[in-house]
Every structure is written in C-alpha cells, then in structure tokens.
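The structure appears right after this line, and notes come after that.
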C-alpha cells in the first residue's frame with residue numbers, strides 16, 4: 001500500500017516537471033528569442049521603419065506604438081483640413 005502511494009506521488013511529480021519544462025520552452029520561444037521567424041528582407045524593412053526586431057514581443061509593441069503615432073498624425077491632419085475648410 002505504501003509503494004502505491006509513493007509511485008503515485010512520483011508520477012505526479014514527473015508530470016509537473018514535464019508540464020513546467022514545456023511551459024518554459026513555450027515562454028522562452030515567444031518572449032526571449034530574437035526574431036528568427038523573419039526573413040532578412042522583412043527584418044531589414046521593419047528595422048528601416050523603426051520597428052524593434054529583437055523579439056516577437058518587441059515587434060508587437062513597437063508596431064502598436066507606430067500605428068498609434070500614425071493615427072495621431074492623421075487626426076492632426078484631419079483637424080487642420082477641417083479648420084482650413086471652416087475658413088472658406
């Protein structure tokens with residue numbers, strides 16, 4: 001009876017170690033590695049556009065920031081156009 005409980009505990013421990021290892025691999029692949037998923041021309045274009053290509057998370061965050069900047073510029077141009085039209 002004691003061996004059965006001991007083997008069950010070893011099985012649970014082994015399962016926890018395997019799940020932890022898989023989670024570690026998943027998180028390091030997504031957050032930690034350089035952007036090996038991009039081919040050279042795409043990475044060069046992104047770098048030229050001011051997008052950080054050091055990791056996938058950095059690409060995502062810098063792309064979001066770039067889009068917000070573009071939206072702000074468009075709103076500013078729209079306001080200028082509306083003000084110009086109001087003058088006429």
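Listed by first and then second residue, the pairs linking a residue in region 13-30 that is farther than 26 Å from residue 57 by Cβ to a residue that is at pLDDT below 95, with Cβ atoms under 9 Å apart and 6 or more places separating them unless they lie on different chains, form an empty list. Report yes if some residue within region 57-65 is in a loop (DSSP other than H, G, I, E, B), touching a helix residue (DSSP H, G or I) at 6+ places or on another chain (Cβ under 9 Å) and under 29 Å from residue 29 (Cα atoms); otherwise report no. Taking every residue of region 57-65 in turn, none turns out to be in a loop (DSSP other than H, G, I, E, B), touching a helix residue (DSSP H, G or I) at 6+ places or on another chain (Cβ under 9 Å) and under 29 Å from residue 29 (Cα atoms). Screening residue 74 with (1) at pLDDT 85 or above; (2) under 16 Å from the mean Cα position of the chain (by Cα) gives one miss only, at (2). Within region 54-63, none of the residues are exposed (fewer than 10 other Cβ atoms within 10 Å of the Cβ) and at negative phi. Within region 20-44, if we keep just the residues that are in a helix (DSSP H, G or I) and surrounded by 12 or more Cβ atoms within 10 Å (Cβ to Cβ), the residue that is modelled with the lowest pLDDT turns out to be 29.
The values are calculated or read from the model by the stated rules, or taken from the named source; none is laboratory data. Quantities reported herein were computed from a predicted structural model and do not represent experimental measurements. A quick note on method: Cβ atoms are made from the backbone with ideal geometry, for glycine too, and the neighbour counts reach across all protein chains shown.
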